[in-house]
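The values are calculated or read from the model by the stated rules, or taken from the named source; none is laboratory data. The structure displayed is predicted, hence computed values, not measured ones. Cβ atoms come from the backbone with ideal geometry, glycine included; neighbour counts cover every protein chain shown.
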Amino acid sequence: MSPDPLPAPLFPQVDMAPASGAGLDAAPATGDEHTNLLRQILAGVDRQNELLEELVSQTGANQRQRMTELGQWKQANPELAKSCRMAAEALSRVQTEFLATLTREAVENADALTDGEFMLTEFVDRFGPRLAHLNGVLQVLSQLSGSETPERR
């Protein structure tokens, strides 16, 4: 693919000097500048669309490959996939209880969390890492079990 020529300036220079005569009889600039500008915009949009189509194609190919690999793993390890599903469902219930505790404490201590940097830091330190790690483990187990998200009970 040959590189695109340099685009014309988006805003061409405008002569601000008064035109000879009254100015009303001066012929307006032809539509060539506007036509060229519109063609350049259209070419840019076309190129952008090509790039987006390529990106979608590449992303789709990666996703299909990942799904194929997961399917092969599940066929090779059916019992482990079933165990992953059961573990994901159990941990999903644990996550629900953990979120209930987190939200209850956030509501009960809203004023202290808003007013005190120390209290907010303690709250985040207490709940943040556990929540992040639990979400990561649940995501892995859900993918390996074949379900998109674990069932909530």
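So which residues in the range 86-113 are acidic (Asp, Glu) and either outside any helix (DSSP H, G or I) or closer than 14 Å to Asn135 by Cα (or both)? Spell out the reasoning first.
Narrowing the range 86-113 to residues acidic (Asp, Glu): 89, 97, 105, 108, 111.
Glu89, Glu97, listed by residue number.
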Quiz item: Given the residues Arg66, Arg39, Arg47, which is the only one that is assigned to a helix (DSSP H, G or I), modelled with pLDDT under 90, of a type in the set (D, E, K, R) and outside the structural domain of Leu138 (by TED's automatic domain parsing)?
Solution: Arg66
Self-check item: Test for Val124: is it at pLDDT 90 or above and loosely packed, with under 10 Cβ neighbours inside 10 Å
Solution: no
Quiz prompt | Verdict on Leu138 being touching a Phe, Trp or Tyr at 6+ places or on another chain (Cβ under 8 Å), modelled with pLDDT of 90 or more and surrounded by 14 or more Cβ atoms within 10 Å (Cβ to Cβ) | solution = no
